[in-house]
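Quick notes on the structure that follows.
The values are calculated or read from the model by the stated rules, or taken from the named source; none is laboratory data. Note that the structure is predicted; figures quoted are calculated from it, not measured. Here Cβ is always computed from backbone atoms with ideal geometry, including for glycine, and neighbour counts include all displayed protein chains. Surface accessibility is based on the protein's heavy atoms, side chains included, excluding ligands, DNA and RNA. Shrake-Rupley method; radii C 1.70, N 1.55, O 1.52, S 1.80 Å.
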Amino acid sequence: MKYIEAINNGTLRLSDGRKINVLKVEPINLNLKSKTEQRIIIESYKILLKQCDFDFQIYIQTQKVNVENHIFKIQKCVEYESKIQDMAEDYIRLVKEISNSKSSITRKFYIIFEKF
């Protein structure tokens, strides 16, 4: 059975002597790019994948966004400035509505591969 012996700067050393790299990748919002930019990004990605002559995994971690701390801060603001109470309550309702939808998910992307 293999297990992790050590972790150092994003590299995992396994009990069988292998070293595995884990890279966190920052995503881009492709939908906000122009059609030309989207096409260029996708073509570049295809070229990168074709040139990889080693095995790798793409790991995507999804988490539901917790908005309670944000709502608490808005409520604290209302305590100091009561004039904004109606607007703050509308905003809190909107945040809760969005939070309950599927669009309130954060994603973290990782590429995992064996170190050469």
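Numbers at a glance
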item	result
Residue in segment 44-57 that is free of Cβ contacts under 8 Å to residues at least 60 places away in the same chain, closer than 28 Å to residue 13 by Cβ and in a strand (DSSP E or B) present	yes
Selection count where residues are more than 27 Å from the chain's Cα centre (by Cα) and not aliphatic (A, V, I, L, M), scope segment 67-95	12
Which numbered condition residue 98 misses (of (1) under 23 Å from the mean Cα position of the chain (by Cα); (2) at pLDDT 90 or above; (3) open to solvent by 70 Å² or more (accessible area, probe 1.4 Å))	(2)
Some residue of segment 3-18 being touching a residue at least 12 places away in the same chain (Cβ under 8 Å) and closer than 18 Å to residue 110 by Cα	yes
Those residues of segment 1-43 which are surrounded by 10 or more Cβ atoms within 10 Å (Cβ to Cβ) and part of a loop (DSSP other than H, G, I, E, B), in sequence order	10, 15, 18, 28, 33
Matching entry among 57, 63, 75 (being open to solvent by 80 Å² or more (accessible area, probe 1.4 Å), within 30 Å of residue 98 (Cα to Cα) and at pLDDT 90 or above)	75
